[in-house]
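The values are calculated or read from the model by the stated rules, or taken from the named source; none is laboratory data. A quick note: this is a predicted structure, and the numbers were derived from the prediction, not measured. Here Cβ is always computed from backbone atoms with ideal geometry, including for glycine, and neighbour counts include all displayed protein chains. What goes into the accessible areas is simple: the full protein's heavy atoms, side chains included, and nothing from ligands, DNA or RNA. Shrake-Rupley method; radii C 1.70, N 1.55, O 1.52, S 1.80 Å.
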Amino acid sequence: MVHPHPFPHRHLLGIEQLSPQEIGTILDRADECVSISRAARKKRDVLKGLTQINMFFESSTRTLASFELAGKRLGADVMNMAVKASSVNKGETLIDTAMTLNAMHPDILVVRHGESGAVNLLAQKVNCAVVNAGDGRREHPTQALLDALTIRRRKGRLHRLNIAICGDVLHSRVARSNIHLLNKMENRVRIIAPPTLCPDGIERLGCEVFDSMEAGLEGCDVVMMLRLQQERMTGGFIPSHREYFHRYGLDEDKLSVAKPDVIVMHPGPMNRGVEIDSELADDIDRSVIQEQVEMGVAVRMAVLSLLAEGLTGERAVA
Ligand code: NCD
């Protein structure tokens, strides 16, 4: 009997479309990829002959580096394109660029774009596999997967945990992807945000909403901090950085109501002293921020290899 492929998707556009089993498949594969990354010789040839183009319409340091390393460790030919989105005619620029690249026969396109939905649109126009590396405020699936892998390895499970997502939820694709993933895996998700940075109706995604850190952090197993996304703000969302840190910045004092073995996460880049106390961010007993970066490469290797299997019909990582 032929077994169906455990990841029957052509693209990875968001967490919303994935089943809990498929999330488990990606994380299991990523665990294997952590071992590859920790070995002295990291090169595999499972993506050999495949071309991966990373097309970033928004700036990025760690996500781009992580996708590049992931592709190279698995033997793909990787090309990075930093594309400046034209402010006049973004839609047209996006599709034009995509069609140009499509004509060069890439196998996998990794795309980051400032507009929500842009990556889905692009996926309809090209012939290759598309991975969403962040679209506007909508989804950032590989970030949620790397967060899940970090939690699963630290806590030994990915269900029945109390997880608080705190800060600028309004502008955050990281928050949205994480809410979807953590709910699918049956955790209790809490959102802690000032009312100006909390999207209307967010509780409909299945989370409890708090506007005070003291109440929201009580008994938490995991605290995810978010960056204050000032480049997306037009107007006065917060009174001042000082005031914001006072009320919503994570420090030892606010964290004291969480579980004693609570872990602290941040997707980066961090604004130290604004959303998180600098010493706490570096406290290796609580902060798993560096581990998140390591898991990022592994999760992207896992996603690329699973999508490649769909393209070639061969199991990619042995
Ligand atoms: C996030 C992003 O770009 O959405 N960062 C990341 O992927 N490392 C979060 C952020 O920019 O705050």
**Q.** Taking region 149-285 and dividing mean pair separation by its residue count, relative contact order in percent (alpha carbons under 8 Å, at least six apart)
**A.** 26
Q) For the chain, what is the charge dipole size about the Cα centre, in debye to the nearest 20, if Lys and Arg each add +1 at the Cβ and Asp and Glu each add -1 at the Cβ? A) 880
Q: Using a 1.4 angstrom probe on heavy atoms only, work out the carbon and sulfur share of the accessible area of region 228-317 in %.
A: 48
Q: On a C-alpha basis, how far is the centre of region 101-154 from the centre of region 270-318 in Å? Whole number, if you could?
A: 15
(Q) Per-residue counts of other Cβ atoms within 10 Å, averaged by peptide: what ranking do you get for 148-159, 293-304, highest first? (A) 293-304, 148-159
Q) If only Cα atoms are counted, what is the Rg of region 159-318, and what is its Dmax, in Å? A) 16.9, 55
**Q.** Accessible area of region 103-223 belonging to carbon and sulfur atoms, whole % at 1.4 Å probe
**A.** 45
**Q.** Debye, to nearest 20: dipole size of region 116-167, +1 on Lys, Arg Cβ, -1 on Asp, Glu Cβ
**A.** 360
Q: Please report, to one decimal in angstroms, the Kirkwood hydrodynamic radius of region 110-235 built from all distinct Cα-Cα pairs.
A: 15.2
Q.
Name the residue from V110, G236, T142 whose Cα lies farthest towards the positive end of the charge dipole of the chain, charges +1 on Cβ of Lys and Arg and -1 on Cβ of Asp and Glu.
A. V110
Q) Could you give the angle, 0 to 90 degrees to the nearest 10, between helix 289-312's Cα long axis and the longest principal axis of the Cα atoms of the chain? A) 30
Q: Would you mind getting the accessible area per residue of the chain, heavy atoms of the protein chains only, 1.4 Å probe, in Å²?
A: 44
Q. Assigning unit charges at the beta carbon (Lys, Arg +1; Asp, Glu -1) and nothing else, what dipole magnitude in debye, to the nearest 20, does region 1-155 show about its Cα centre?
A. 680
**Q.** For the chain, share of DSSP beta bridges that run antiparallel, in % to the nearest 5
**A.** 5
Q. Cα-Cα over 19 Å: which of K42/K72; K48/K72; K125/K184; K155/K184?
A. K125/K184
Q. If one takes the longest principal axis of the Cα atoms in the chain, at what angle in degrees, from 0 to 90 and to the nearest 10, does the Cα axis of helix 141-155 lie?
A. 60
Q) For region 1-58, what class follows from the C-alpha gyration tensor (a ≥ b ≥ c being the square roots of its eigenvalues): rounded when a/c is under 1.5, otherwise prolate if a/b is larger than b/c, else oblate? A) oblate
Q. Cα-based Rg of the chain per 2.2 N^0.38 Å, rounded to two decimals?
A. 0.98
Q | Mean separation of Cα contacts under 8 Å (6+ apart) over length of the chain, as relative contact order % | A | 21
Q: Return the sequence-ordered ³J(HN,Hα) values of region 258-273 in whole Hz as given by the Karplus equation 6.51 cos²θ - 1.76 cosθ + 1.60 applied to θ = phi - 60°, using x for Gly and Pro.
A: 7, 4, x, 9, 4, 10, 10, 10, 7, x, x, x, 8, 9, 5, x
Q. Which length gain, in nm to one decimal place, applies between T93 and D285 when the Cα-Cα distance is subtracted from 0.36 nm times their residue separation?
A. 64.5 nm
**Q.** Between helix 20-38 and the chain: long-axis angle, C-alpha atoms, 0 to 90°, nearest 10
**A.** 80
